[in-house]
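The values are calculated or read from the model by the stated rules, or taken from the named source; none is laboratory data. Just so you know, these numbers come straight off a predicted model, no measurement behind them. Counting neighbours? That spans all protein chains shown, and the Cβs are built from the backbone with ideal geometry, glycine included.
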Amino acid sequence: MFGIIIAVALIIAGFVAAKLSKKGWIIGVAAVLAVAVVGMSCFVSVPAGHTGVVTTFGRVENYTLDSGAHFVAPWRTVINMDNRVQKKNLELPCFSSDIQEVHMSYTVNYQISKADAMTLYSTVGQSYYDTVIAPNIAESVKVATAKYTAEQLVSMRDSLAVEIESILESKLNSYNIVLVGTSIENMDFTDVFTNAVEAKQVAQQNKLRAQTEAEQKVIESEAAAEVRKINADAEAYELLKKAEAEAEANRKISESLTENLIDYTYANSWNGELPKIISGSDGSVIVNAADLIKSSGNNE
């Protein structure tokens with residue numbers, strides 16, 4: 001665009017020079033070049049990813065220019081505002097609710113609202129990060145961190161991140177700044193607190209190990225007792241079944257016995273010898289009954 005303006009200006013200057021005298025030629029060329037310079041100054045270029053804020057003698061106009069070349073009246077000025085997503089990392093000292101010092105590394109991704117760039121410029125200016133964003137990040141982090149104890153900051157890091165982002169987003173929205181994303185990169189505590197946390201974790205692990213071992217012993221003891229009970233029940237059951245079987249066998253034997261069978265069994269099992277002692281019906285006792293029977297036979 002600028003090259004076209006210069007070329008046109010040179011053509012006009014050459015035409016004027018051909019028609020005028022030397023003095024007039026010089027004046028004409030100077031006038032044409034002046035016009036060319038003024039014309040060139042009326043064209044502005046807004047870089048990609050930026051929004052052009054237009055001012056007239058310092059007053060901000062209620063419109064913006066997109067990226068590209070634009071013709072602007074020479075009494076107006078264009079300020080380029082970066083509306084790309086930008087990233088900043090801050091190292092922030094803060095304190096927990098139990099007054100433990102914490103050093104937090106916090107990252108913020110933000111972007112200015114393209115449609116409201118002129119409002120941000122008119123109320124804050126181009127140094128909006130230093131003026132608005134950085135202070136609000138620091139305040140949001142400190143306010144949210146102060147709600148947690150040092151131990152909670154370690155165990156509830158995700159909740160802390162959500163709360164910080166919520167507070168910060170509310171603050172930046174009032175300035176037409178969009179919070180794209182945030183993250184807690186790191187949290188450092190004092191050596192005293194770190195050592196105390198490690199000692200507590202070791203103690204908790206030892207306690208848990210002891211509880212686990214005690215529970216395991218109880219389980220093993222209960223299992224052994226259960227096994228003994230099962231074995232005892234099995235033995236009692238076997239004895240019961242054996243006794244029942246013997247009783248049933250004796251019952252069947254008893255039912256099958258007759259006098260003839262008893263006499264027959266006795267006769268088969270007798271060895272032919274008379275008993276040594278015989279009791280009489282009157283309660284008398286005869287000793288050496290075999291000899292008595294023999295003597296009785298001889299007397300006959």
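If I filter the stretch 101-119 for residues that are under 30 Å from Ala48 (Cα atoms), hydroxyl-bearing (Ser, Thr, Tyr), without any contact (Cβ under 8 Å) to a residue 40 or more places away in the chain and not assigned by TED's automatic domain parsing to the domain that holds Val46, do I get at least one hit? No - not one qualifying residue is present in the stretch 101-119.
Picking from residues in the stretch 70-83 that are in contact (Cβ under 8 Å) with a residue 24 or more places away in the chain and surrounded by 12 or more Cβ atoms within 10 Å (Cβ to Cβ), the one that is nearest to the chain's Cα centre (by Cα) is Asn83.
The single condition among (1) surrounded by 14 or more Cβ atoms within 10 Å (Cβ to Cβ); (2) under 24 Å from His50 (Cα atoms) that Gly181 does not meet is (1).
When Thr182 is evaluated against the numbered criteria (1) modelled with pLDDT under 70; (2) assigned by TED's automatic domain parsing to the domain that holds Met156; (3) not hydrophobic (A, V, I, L, M, F, W, C), which criterion, by number, is the only one it fails? Here Thr182 clears every test but (1). Residue-level analysis places Gln111 among those that are in a strand (DSSP E or B) and either surrounded by 14 or more Cβ atoms within 10 Å (Cβ to Cβ) or touching a Gly at 6+ places or on another chain (Cβ under 6 Å) (or both).
Number of residues in the stretch 46-64 that are within 14 Å of Asp116 (Cα to Cα) and free of Cβ contacts under 8 Å to residues at least 40 places away in the same chain equals 2.
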